[in-house]
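In what follows, a single structure is set out as structure tokens and then discussed.
The numbers here are math on the coordinates, done by the rules we state, and not lab data. Computed from a prediction, not measured in an experiment: that's the story for all the values here. Ideal geometry is used to build each Cβ from the backbone, glycine not excepted, and the neighbour counts take in all protein chains shown.
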Amino acid sequence: MTSLITDTVAARLDLVGATAREQDLYAGAGTNFYDRLVGPDRAEIREVLALARAVPGPVLDLAAGSGRLTIPLARSGHRVTAVDLSADMLGRLRGAVPHEATVECVVADMRDLALAGHFGLVVLGATSITLLDREDRSRLYAGVRRHLTATGVFALTVADGASADSLGVATDREITVPGGAGEEPYLFAQQIEGDGAVRVVNWVRLADIVPRTEVPVLTSRLHVLSPEVLAGELVAAGFTAPERSPVRTPAGVEILLLTTSRAGDGRGGR
């Protein structure tokens, strides 16, 4: 198995004689950290809710995680199917679903969708498309197209501008993450691989870096993608040329929402 520990983190631990224990960001203990990391982020929610109001039919939330988009959609009265590969993530989502909401949680691989029924809106938020390589993205597109209604919309997000540029640059810095006892400092490390096409990211709680211990390191491997690349892929996969609209985000963060539909079904991109 290829290590997902960055050179910077490995060197930091080696200085104190510690070793790394890889922990998937999206499973087990990683789910709690992920919620703390992205929980306060309200980006995309307003835009996705507006799309859901405009498109009839149920909503499919891919890579739903612990429900950052699913819960607001459900609270707004939409029927939502939440798909995620992580049973741990969906377990957290189930615990947060409002009693009166209609939400179905499905542990499944979004690359191989085989769900009952069709959806008026399929959404892939949090720039989660970057989890997939080119072959996997092709499989995803085919599955989404099969599951969209004739007038349905596929919406996904991707970094843009300076935010996109920063994803292709090696980075090591300290960040703070909300915790039960207040803000906790972490080392964030981003390593660029594959001639700039892939980034490996690590998060290590600084308090865990203790000499001669095994230190948990949260990891993820992501692909560096541009809106132009995704637009070309979508058209090749049988979708209309996507419309691009900026997501309202905090200052310094640039995210684009791409919206498209099945080509040849009498509906242009949104």
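Structure notes:
- Across region 1-111, the relative contact order, built from alpha-carbon pairs under 8 Å that are at least six residues apart, equals 21 percent.
- Relative contact order (percent, whole number), the chain, Cα cutoff 8 Å, 6+ residue spacing: 21
- Computed magnitude of the charge dipole of region 163-215 (debye, nearest 20; Cβ of K, R +1, Cβ of D, E -1): 80
- Region 187-270 shape via C-alpha gyration tensor axes, a/c threshold 1.5: prolate
- Annotation note: trypsin sites (Lys or Arg not before Pro) in region 75-134 located in DSSP loop regions with a Cβ neighbour count of at most 13 within 10 Å are absent.
- The chymotrypsin sites (Phe, Trp or Tyr not before Pro) found in region 134-224 include none that occupy coil by DSSP while having at most 11 further C-beta atoms within 10 Å.
- Distance between the C-alpha centres of region 13-74 and region 149-227: 13 Å, rounded to the whole angstrom.
- Here's the picture: a label point sits 7 Å out from the Cα of Asp112 along the beta-carbon direction, and within region 74-90 the residues with their amide nitrogen under 16 Å of it are 84-87.
- Potential lengthening between Ala50 and Arg36 on full extension [0.36 nm per residue; Cα-Cα distance subtracted]: 2.5 nm
- Values [x] -0.65, -0.91; [y] -0.75, -1.01; [z] -0.86, -0.98 are given for comparison; log10 I(q)/I(0) by the Debye sum over Cα atoms at q = 0.12, 0.14 Å⁻¹, derived from the coordinates here, is the one labelled [y].
- The magnitude of the dipole of region 1-138, with charges of +1 and -1 set on the Cβ of Lys/Arg and Asp/Glu and taken from the Cα centre, is near 520 debye.
- Overall, the anisotropy analysis places region 1-103 in the prolate class: the square-rooted eigenvalues a ≥ b ≥ c of its C-alpha gyration tensor yield a/c not less than 1.5, with a/b exceeding b/c.
- The residues neighbouring Pro40, those whose beta-carbon lies less than 13 Å from its own, together hold a net charge of 0 under the Lys/Arg +1, Asp/Glu -1 convention.
- Options Val210, His223, Val103, ranked by Cα towards positive dipole end of the chain, top entry (Cβ charges): Val103
- Taking all Cα pairs closer than 8 Å and separated by 6 or more residues, the relative contact order of region 196-265 comes to 24 percent.
- For region 49-196: rounded, prolate or oblate by the Cα gyration tensor [a/c cutoff 1.5]: oblate
- At R0 = 30 Å, FRET efficiency that the Cβ-Cβ distance of Arg21 and Ser76 yields, to 0.05: 0.15
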